[in-house]
Amino acid sequence: MGAGGKGACDGCITRTPYATLVAVIMCWAGVGVFCGTMYRGVNLTLRLLQDVFKLDKGLQWVEPTQLAFVILGASMAALALMILVTAILATGATRVEVYKSSVGRVGGRIASACFIFITYILLLAWLVVLLCCIVMTTFYTLSWGVCSTDEIGWDNGVIDFYPLHFMFPEGTQKVNMQVEGQAEIKMFCKDYVQRAEVMFILSTVSCMLVVLSLVHFLMALSANYAHIRGHDKFTDLQDLNMLEITSETVNLTDRDNRYTTQEYTM
């Protein structure tokens, strides 16, 4: 019983794709944190634009973009699970059992190649998302730095964003580009900027974790593709070796029959 359990445990250890498993854990952790923090950060940004700067027009793209980020994160979690399954099939003794036939080996190579292509496209997409997160984090960090300066009085201070008027929608009034008064400054700095900065810092870190997991996936998929292709050559070599052994056995049998016939004749 103990020996059987030990053998089963050793079999599980040799069949586990550790590199892909680490990448899956990194991907799920990064995607989970990213979806939560990005959703909250975009909501705070939208409320900041509406409550502080009184912007209602030209913001129709915010919610679809927010939804696209969430869909991208959910698709990443599903893709990571599928890649883990293909990695299990291409690891250890499982690879020998699954890819016995040439059709199975061709199918495994095609699946690995497709996942490599999809992962590469997703890596480019997540790099773009990472760039957006860095831009938003930089903006909120600079805004919090402005809020923390002594020149900004919380009682009668003014934060003037008119020098950045080109970033506002066309037709925005100058008075709406100024954060003036204790109530507005508190709303801008404490209620929105401080909270959103934390959200976007976490989303940037989690996005970097997802990018690293995609790099891990690319390395693991390339290795799996090479293993399946190498197993194909190994199987051909093994079949050739078995053919040679069978041929030698037939030749030895013929020779034994000849010697037996000669003894009977003598």
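The values are calculated or read from the model by the stated rules, or taken from the named source; none is laboratory data. Owing to the predicted nature of the structure, the values given are computational and were not obtained by experimental measurement. When we count neighbours, we look across all protein chains shown, and the Cβ atoms used for this are built from the backbone with ideal geometry, even at glycine. SASA here: full protein model, heavy atoms, side chains in, ligands and nucleic acids out. Shrake-Rupley method; radii C 1.70, N 1.55, O 1.52, S 1.80 Å.
Below are the figures for this structure:
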| item | result |
| --- | --- |
| Part-to-part distance (alpha-carbon centres) for the range 69-91 and the range 103-129, which is given in Å | 11 |
| Accessible-area composition of the range 27-67, carbon plus sulfur, in percent [1.4 Å probe] | 63 |
| Projected label distance in nm at L127 and L164, using a 7 Å step from Cα toward the beta-carbon | 2.7 |
| K54 accessible area, 1.4 Å probe, all protein chains in place, Å² to nearest 10 | 100 |
| Nearest-0.05 FRET efficiency for V22 and R195, computed from C-beta distance (R0 22 Å) | 0.10 |
| Per DSSP, loop GluC sites (Glu not before Pro) in the range 127-222 with at most 12 further Cβ within 10 Å | E151, E170 |
